[in-house]
Amino acid sequence: MQRNFIFCDPEKCTGCGICELVCSAVKDGAFNPLLSRIRTVRTEPFFLINMSIACRLCEDPKCVRSCPKKALRADEETKVIIVDEDRCDGCSWCVQACEFGAMILHMDNKKVVACDLCGLDPKCVYYCPKEALALITTEEIGQKLRRRAVKKLLAEAL
């Protein structure tokens, strides 16, 4: 089975944060970006880049390895991170271990949460006003990047 990811096209992302609000509403019933499992990153002043980041569903997730309570595991098929809330004590080692900043501690219960792709129907993707988010496979990501590179090469050649 191909793994799916939430992919953000930084050329389309405006940094509006709607994905964060939608995620928090779906998962926690509140419009609060601090409860979101997807985070919008804005970089400045040298490069103005906006990009939303969700769990990358790593093949060998450092967050899982770093948990001293063994509260995290990756689903065998989807690689979605599953949290055993009874074991999680909120130590945040997994948050620190994640290279993408995708793991967060829930501000109310202090347990770790991560994107679970909403059962392969992520509402953040559906409601993105600029269609900057997509649920795609690694092969599709590569194909998008190859197309973009070809367009850039053609534009430079002409």
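Counting just the residues of segment 29-55 that are in contact (Cβ under 8 Å) with a residue 40 or more places away in the chain and among the charged types (D, E, K, R), which one comes out surrounded by the most Cβ atoms within 10 Å (Cβ to Cβ)?
My answer is ARG37.
I need every pair where a residue in segment 86-99 that is closer than 15 Å to ILE53 by Cα has its Cβ under 6 Å from the Cβ of a residue that is exposed (fewer than 13 other Cβ atoms within 10 Å of the Cβ) and at pLDDT 95 or above, sequence separation at least 6 or different chains.
Taking only residues 6 or more apart or on different chains, not a single pair turns up.
Test of understanding: among CYS91, CYS67, CYS16, CYS58, which residue is under 16 Å from the mean Cα position of the chain (by Cα) and either buried (at least 16 other Cβ atoms within 10 Å of the Cβ) or basic (Lys, Arg) (or both)?
CYS58
Pick out the one residue from CYS88, CYS55, CYS94 that is in contact with a Leu (Cβ under 9 Å, 6 or more places away or on another chain), outside any strand (DSSP E or B), closer than 21 Å to GLU140 by Cα and not acidic (Asp, Glu).
On the way: CYS88 fails: closer than 21 Å to GLU140 by Cα; CYS94 fails: closer than 21 Å to GLU140 by Cα.
Every option except CYS55 fails the conditions.
Would you mind stating whether ALA134 is buried (at least 17 other Cβ atoms within 10 Å of the Cβ) and among the aliphatic types (A, V, I, L, M)?
Judged against the criteria, ALA134 is a match.
For TYR126, which of the numbered conditions (1) outside any loop (DSSP other than H, G, I, E, B); (2) buried (at least 17 other Cβ atoms within 10 Å of the Cβ) fails to hold?
For TYR126, the exception is condition (2).
The values are calculated or read from the model by the stated rules, or taken from the named source; none is laboratory data. Predicted model, so just to flag it, every value in this text is computed and none were measured. Backbone-built Cβ (ideal geometry, glycine too); neighbour counts: all protein chains shown.
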